[in-house]
1. Please give the calculated 222 nm ellipticity per residue for the chain, where each DSSP H segment of at least 4 residues contributes -39500 (n - 2.57) and the sum is spread over every residue; nearest 500 deg cm²/dmol?
2. Angle, helix 70-80 long axis vs. longest principal axis of the chain, Cα atoms, 0 to 90°, nearest 10?
3. Shape call for the chain from the C-alpha gyration tensor, a ≥ b ≥ c root eigenvalues: rounded (a/c under 1.5), prolate (a/b greater than b/c) or oblate?
4. Please give every one of the lysines within straight-line cross-link reach of Lys42, meaning a C-alpha to C-alpha distance under 22 Å, and leave out same-chain neighbours fewer than 8 residues apart.
5. I need to check one value: relative contact order of the stretch 3-80, counting alpha carbon pairs closer than 8 Å and at least 6 residues apart, in percent.
6. What residues qualify as long-range amide H neighbours of Tyr63, i.e. H under 5 Å apart, gap of 5 or more or another chain, H built at 1.01 Å from N?
7. Would you kindly derive the ³J(HN,Hα) couplings of the stretch 6-12 from the backbone phi angles with the Karplus curve 6.51 cos²θ - 1.76 cosθ + 1.60 (θ = phi - 60°), listing them in order in whole Hz, with x for Gly and Pro?
Amino acid sequence: MTELLAKRNLLVQARYAYNFDRQIYVNREQKKIFSLDFVEDKATDELRKRIEENTNGDGWHFYFNDPPSMAVQKQLLEILG
């Protein structure tokens, strides 16, 4: 199994849905958004840590290689409802 497939399986098992238009993985319960670039560039262990990270439900958390601008964050949250 390739590393990217293993990462995808981690996300799917943790109930993340992939948004093809925005190239992000989203978990509405956990309020976390991972960019595809972040997933591809980070080690599997680091991705697992971020998935398991307790955010205490304090708003949305964005995991991108470069932090998204406030405008991008706002746009993503509007799309997600």
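Bear in mind these aren't lab numbers, they're just calculated from the coordinates by the rules spelled out. It should be emphasised that the depicted structure is a prediction, and the values quoted were computed from it without experimental measurement.
1. On the way: 4 runs with 37 residues, N = 81.
Here the helix-only value at 222 nm equals -13000 deg cm²/dmol.
2. Helix 70-80 sits roughly 80 degrees off the main axis of the chain.
3. prolate
4. Lys7, Lys31, Lys32
5. Relative contact order here is 26 percent.
6. Excluding prolines and chain starts, which carry no amide H, the hits are Ile33, Phe34, Ser35.
7. Here the 3J(HN,Hα) series is 4, 5, 4, 4, 4, 5, 5 Hz.
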